[in-house]
Amino acid sequence: DLFPGHPVGAQRHNGFLQGFGLKSNDAKNNELARPAEVVCMADSFGDRAKGQTAMENCLQKNPDINLVYTINEPAAAGAFNALQKSGKDKNVMIVSVDGGCDGIKDVAAGKIAATSQQYPLKMAAMGVAAGVDYATSGKKVSGYTDTGVTLIAAKPVAGVESKDTQVGTELCWGKK
């Protein structure tokens with residue numbers, strides 16, 4: 001997870017649980033849902049080193065973890081390091097969020113099973129357009145604005161709208 005009370009962290013955490021079919025909180029709730037199926041939760045602050053420490057601590061609590069959700073790909077890379085050092089990297093699936101170029105490389109390498117790719121340049125452009133619209137017309141944006149997301153996996157996942165890492169690489173942000 002990111003850290004307690006952060007809206008983005010809570011929405012990603014709770015949205016993952018919901019998508020996985022587990023009991024979760026409403027999208028407007030900034031509390032992290034804690035269904036019984038989740039054996040460990042830890043804050044990574046989106047940081048690789050803290051993600052590794054969080055995974056190490058979770059493995060001490062429950063060495064039979066088989067699925068890991070991370071707030072972003074740096075935290076996923078840290079979790080992978082901890083799993084690899086413990087010899088569990090082949091038996092645990094890691095899923096993440098962001099879709100940066102480094103994260104897509106980790107998906108292609110098999111370190112992350114899938115990531116939900118976002119598009120920050122599109123988000124920024126839409127934000128600027130909304131600001132200009134407000135400045136010229138006084139029209140305020142309200143509610144949720146869908147800026148798009150694509151599930152990226154090594155190969156498209158049957159039964160789930162998804163794309164492969166070639167598409168993910170074409171659309172990723174950061175250093176290619």
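The values are calculated or read from the model by the stated rules, or taken from the named source; none is laboratory data. None of these values were measured; they are calculated from a predicted model. Every residue, glycine among them, receives a Cβ derived from its backbone with ideal geometry; neighbour counts consider all protein chains shown. Surface accessibility is based on the protein's heavy atoms, side chains included, excluding ligands, DNA and RNA. Shrake-Rupley method; radii C 1.70, N 1.55, O 1.52, S 1.80 Å.
What the table below lists for this structure:
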quantity: Cα centroid separation - region 104-167 against region 56-90, whole Å; calculated: 25
quantity: Positive minus negative residues near ALA33 (Lys, Arg vs Asp, Glu; Cβ under 12 Å); calculated: -1
quantity: Probe 1.4 Å, accessible area per residue of the chain, Å²; calculated: 59
quantity: Reciprocal mean inverse distance between Cα atoms of region 47-159 - Kirkwood radius, Å; calculated: 15.7
quantity: Environment charge of LYS105, counting only residues whose C-beta is closer than 12 Å and scoring Lys/Arg +1, Asp/Glu -1; calculated: 0
quantity: 3J(HN,Hα) from dihedral phi, region 124-133, Karplus parametrisation 6.51/-1.76/1.60, rounded to Hz, x for glycine, proline; calculated: 5, 4, 5, x, 5, 4, 5, x, 5, 4
quantity: Cross-link pairs beyond the 24 Å C-alpha cut-off, checked among LYS23/LYS61; LYS88/LYS155; LYS88/LYS176; calculated: LYS88/LYS176
quantity: Top of VAL160, VAL92, VAL149 by mean-square fluctuation, Gaussian network on the chain, Cα under 10 Å; calculated: VAL160
quantity: For the chain, share of DSSP beta bridges that run antiparallel, in % to the nearest 5; calculated: 30
quantity: Percent carbon-and-sulfur accessible area, region 9-132, ignoring ligands, DNA and RNA, probe 1.4 Å; calculated: 52
